[in-house]
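In what follows, a structure is listed as structure tokens, so that the remarks can point back to it.
The values are calculated or read from the model by the stated rules, or taken from the named source; none is laboratory data. Predicted, not measured: the structure shown is a model, and the values here were computed from it. Here the Cβ is made from the backbone with ideal geometry for all residues, glycine too, and neighbour counts use every protein chain on show.
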Amino acid sequence: MSLLKKKKQTDIPRRRSTSIREVKVTDASSDTFKRNRTLTGASSSKLNINADLDSPRSHAHKLANQRRNIFTILLIVLGSIIFLGLVIINFTASSNISISDAAISKTIDVSIYQKSIQNYMDINPMSRFRFLLDQSALTDYISSNLPEVESVEQKGITGPGNTNFVIIMRKPVAGWQINDKQYYVDSKGIPFEKNYFSAPDVQIIDNSGASLQTGTAIASKRFLSFIGRVVSLSKASGYTVTKASLPAGTTRELEVKLKEGNYLVKLSIDRPAGEQVEDMARAVQYFTSHGKALSYIDVRVSGKAFYK
């Protein structure tokens, strides 16, 4: 019977077959931060993030910080170099002396003035820096030790650590020799002994008959200052003093001879030189306009002029 017959082999359904697929194994480190992937077996403190894992934005930010740090260091180094250069350039280790006045007729030993400048800088070390030097104080110091110096000016540099100083010497307007010692006085009335210019036209004649001790007092700064002021102010008023003398028996008066009109004028050192020269100029103008020939004009009293 056909029902009892076995089914043919071809009628048996096929069993499911298992297929073995080849799984591609990739490097786990490259999939560390892929989306939807769970990090297992690592904590944030133990997680090693390599530089090649930084995002482009983070990498650019780090490069910008590095450039900023390098630029700051270079700026500090450059600023330090400039500062040190300025300090070296403005530091005075030695001095060079220049003389500005071409009318000087005698040789000047500049080593004397270089030594005086160095002595001042030894006393005031900060003055070795050119921008900290007080030129007025330097002039006062040198003039007090070397009265023939009128002023000292700092004029640039001549080399590394070498500063150029220009010295202006006093120009005499009158001279006075007493007991074989020659004194000079400039237009400001400052007395000094060393003269680098030609001898002044006005030479003081001492007829006072004072002794050696008293004669030393005659050559005081006040007296020479008064003579210098009279000569200078007379020239400014248009009158030239050709001779100055101390009258006999006194050291408080002065007689000057004027080139204009050949007038002899008596003055007192106890009265300001400016007032007496002003009175003298008015008196000379008056007597000249009236054609009077006089032996002398006396302006020792304020507001009055005596004549003979």
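Computed values, structure above
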quantity	calculated
ILE190 vs. criteria in contact with a Lys or Arg (Cβ under 9 Å, 6 or more places away or on another chain), closer than 21 Å to GLY274 by Cβ, at pLDDT below 90 and of a type in the set (A, V, I, L, M)	yes
Candidate set from region 159-181 (those that are closer than 25 Å to ALA248 by Cα and in contact (Cβ under 8 Å) with a residue 12 or more places away in the chain); member that is farthest from the chain's Cα centre (by Cα)	ASN179
Qualifying residue in region 265-276 (condition: at pLDDT below 90, surrounded by fewer than 18 Cβ atoms within 10 Å (Cβ to Cβ) and in the same structural domain as TRP176 (by TED's automatic domain parsing))	yes
Residue check for SER80: over 20 Å from the mean Cα position of the chain (by Cα) and more than 30 Å from VAL185 (Cα to Cα)	yes
Residue check for ARG67: outside the structural domain of ASN162 (by TED's automatic domain parsing) and either closer than 20 Å to THR158 by Cα or charged (D, E, K, R) (or both)	yes
Filtered residues of region 248-259 (kept if at pLDDT 85 or above and surrounded by 14 or more Cβ atoms within 10 Å (Cβ to Cβ))	GLU253, LEU254, GLU255, VAL256, LYS257, LEU258
Filter result (crowded, with 17+ Cβ neighbours inside 10 Å and at pLDDT 80 or above) within region 159-183	THR163, PHE165, ILE167, MET169, ARG170, LYS171, PRO172, VAL173, ALA174, GLY175, TYR183
Tally of residues being at pLDDT below 90 and aliphatic (A, V, I, L, M) across region 215-240	6
Test: residue in region 142-158 that is acidic (Asp, Glu), in contact (Cβ under 8 Å) with a residue 24 or more places away in the chain, surrounded by 15 or more Cβ atoms within 10 Å (Cβ to Cβ) and part of a strand (DSSP E or B)	yes
Qualifying positions in region 113-141 - surrounded by 13 or more Cβ atoms within 10 Å (Cβ to Cβ), out of contact with any Phe, Trp or Tyr (no Cβ under 7 Å at 6 or more places or on another chain) and β-branched (Val, Ile, Thr)	THR139
VAL87 aliphatic (A, V, I, L, M) and not assigned by TED's automatic domain parsing to the domain that holds ASN162	yes
